[in-house]
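Everything on this sheet refers to the single structure shown next.
Read the figures in this text as sums done on the coordinates, not as results from a lab. Predicted model only: the values in this text are computed from it and were never measured. When we count neighbours, we look across all protein chains shown, and the Cβ atoms used for this are built from the backbone with ideal geometry, even at glycine.
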Amino acid sequence: MTRTHPNTSPAAVHVVGAGLAGSEAAWQLASAGVPVILHEMRPVRGTDAHQTADCAELVCSNSLRSDDAENNAVGLLHEEMRRAGSLILASADSHRLPAGGALAVDRHGFARAVTERLAGHPLIEMRREEVAGLPPEDWDSVILATGPLTSPALAEAVRGLTGESALSFFDAIAPIVHADSIDMSKAWRQSRYDEGGGKENAGGDYINCALEKPAYLAFVAALIAGEKTEFKEWESSTPYFEGCLPIEVMAARGPNTLRFGPMKPVGLTNPRATRPPYAVVQLRQDNALGTLWNMVGFQTKLRHGEQVRIFRTIPGLENAEFARLGGLHRNTFINSPKLLDGTLRLKTQPRLRFAGQVTGVEGYVESAAIGLLAGRFAAAERLGRQVATPPEATALGALLRHITVNANAATFQPMNVNFGLFPELAAPEGLDRHELRAWKNQRKPLMSRRALGELAAWLT
């Protein structure tokens, strides 16, 4: 480890990749007073999923999911990151869009904000270049945050270094619809259970399209029969991530799968019908102007022509115009429980840290969270301070412990943050059956309060 003297500036840490994780890692390092050289290959080399050269571009959805810090683990993770000075959460909060209890953002405004904050920091130097292969040996502290779309040259170099075959899965992106092409004489505005919403958005944060049973069954059949993107030979054994399955893959699992998944009708009332809808397609606002709407849960590998044909059978979307159609890309991650130590360093070459989705966390927020931790760990190491990991009872600590210690390396798969990763909370002794039931109903808020209490001690 490189140590510094009181009157000298610390040497720069190299961060490779300016996605969510790399941007957050760079910000945490610079905020601690450590210079950063941030390497981003876009636009010199593009990817199959990105459309811009902005840092932290969101490619699958504009939602950072639930913002409920008491009852939802990802909402708790939001709050922990805010308290840790997260650039990603600060930028998300300043570009927030109506989405009920979720944290959705104007994707382009959000990415521009992150890019501008990074470019404006005096300790961050941005280099637009591909790091093709392992970083040079004289880079003594490196954070590899290249994401699920790591360039082939770097992925191959990591494979050679670890002696492992890369673990991979497919991830799909959902279509985006122009708002003025949605038939609002059939669709309606409403949030599920009327959460969020208000006069400013005519009663709800989502646009809803109802399907009765015959139309729904025909839609499911069309999804299953529709022509799909074919895999390359080397991709044929790559699994899907269960948290982001293509809509047609879900449909093939049974006729009611979608009705209990992204097309569930619960908590919604069609104002133009006398009975509850059989199934509902929801669209969520995708930009600040409200001109673009994302089809929630409709990530797909259908060919583009099939998407247009099938999705226009949805009531209200008969004349839909698509700003972006869905697609499929291959994500790569490493076997972190086997390869990384508790501070995200590669065991066989500790100068290299990994951050983001490449570590086997799933989701925008989780990716940024691991970037936050990697940046803090690298900063402490560079400044000659003790590297302290967050308590396991926090969302940050639970996620970190899962990917580095607790997960089974033999069956390791990408994971979202959830309360199942946290240490159990013991019920008070002496409770009767009714009191125990009441306590269990408060278990998540109690775990959240415990987490924020332990986080405060870690941050001091």
Packing-wise, with mean Cβ within 10 Å as the measure, how do 154-160, 91-97, 27-33 rank, highest first?
-> 27-33, 91-97, 154-160
Farthest toward positive dipole pole in the chain [+1 Lys/Arg, -1 Asp/Glu at C-beta], among Ser91, Asn62, Asn270 = Asn270
Thr229, Thr274 arranged by Cβ crowding within 10 Å, fewest neighbours leading | Thr274, Thr229
How many angstrom lie between the C-alpha centres of region 64-116 and region 318-386?
-> 18 Å
For Thr269 and Leu459, what does the FRET efficiency come to when R0 = 35 Å and r is the distance between their Cβ atoms, rounded to the nearest 0.05?
-> 0.20
Give the angle, between 0 and 90 degrees and rounded to the nearest 10, that separates the Cα long axis of helix 213-225 from the longest principal axis of the Cα atoms of the chain.
-> 50 degrees
With r as the distance between the Cβ atoms of Arg437 and Tyr193 and R0 = 30 Å, compute the FRET efficiency 1/(1 + (r/R0)^6) and round to 0.05.
-> 0.85
For Thr348 and Ala409, compute 0.36 nm times the residue count separating them, minus their Cα-Cα distance, and round to one decimal in nm.
-> 20.3 nm
Does region 172-328 come out rounded, prolate or oblate, given a ≥ b ≥ c as the square roots of the eigenvalues of its C-alpha gyration tensor, rounded meaning a/c under 1.5 and, failing that, prolate meaning a/b above b/c?
-> prolate
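Within a 10 angstrom radius of the beta carbon, how do Arg192, Arg275, Arg127 rank from fewest other beta carbons to most?
Working: Arg192 19, Arg275 8, Arg127 14.
Going from sparsest to densest Cβ surroundings: Arg275, Arg127, Arg192.
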